[in-house]
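Trainee: Let me give you the structure first, and then I'll get to my questions.
Each value in this text was obtained by applying a stated rule to the coordinates, not by laboratory testing. Because the structure is predicted, anything quoted here is derived from the model rather than measured. So basically every Cβ, Gly included, is an ideal-geometry build from the backbone, and we count neighbours across all protein chains shown.
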Amino acid sequence: MSADKNIDTTGTADTTGAGHEPSHVETAGAFDIRIFIGSLLGLFGIILTLAGLIDFTPVESAKTDGLNANLWTGIPMIVVAVLFVVWARVAPIRILVQENEPGAETEKDISPVD
């Protein structure tokens, strides 16, 4: 990266170098790993919570000494899943996107924004 790029706080960037298109800042969106982890934790948490609510039998109660393990594992998983998704929405991963030079292998060049 050259020193001629100035990124302002509005999420845009200006390129003052000759022959370059202006660059802009985007977020990772659905490709953020925190969204993926939160979705999986939420799905498994919902499944465990439903299993704990619907299928808690006296046989299972005897195995876990009266504790509904599925329910008490599913609820924290849902809470952690919500925290992951909120974290990804509040502090998204931002990347700087700019057009590549003609003849480059890819159309756009991306780099992380600190």
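Trainee: Looking at this structure, is L40 surrounded by fewer than 18 Cβ atoms within 10 Å (Cβ to Cβ) and on the phi < 0 side of the Ramachandran plot? Show your work before the answer.
Mentor: Numbers: surrounded by fewer than 18 Cβ atoms within 10 Å (Cβ to Cβ): yes; on the phi < 0 side of the Ramachandran plot: yes.
Yes; evaluated as a whole, the condition is true for this residue.
Residues checked against (1) touching a residue at least 12 places away in the same chain (Cβ under 8 Å); (2) out of contact with any Pro (no Cβ under 8 Å at 6 or more places or on another chain); (3) within 24 Å of P92 (Cα to Cα); (4) not hydroxyl-bearing (S, T, Y):
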position: S23; (1), (2), (3), (4): yes, yes, yes, no
position: T27; (1), (2), (3), (4): yes, no, yes, no
position: A30; (1), (2), (3), (4): no, yes, yes, yes
position: R34; (1), (2), (3), (4): yes, yes, yes, yes
position: L41; (1), (2), (3), (4): yes, yes, yes, yes
position: I47; (1), (2), (3), (4): yes, yes, no, yes
position: L50; (1), (2), (3), (4): yes, yes, no, yes
position: D55; (1), (2), (3), (4): yes, yes, no, yes
position: D65; (1), (2), (3), (4): no, yes, no, yes
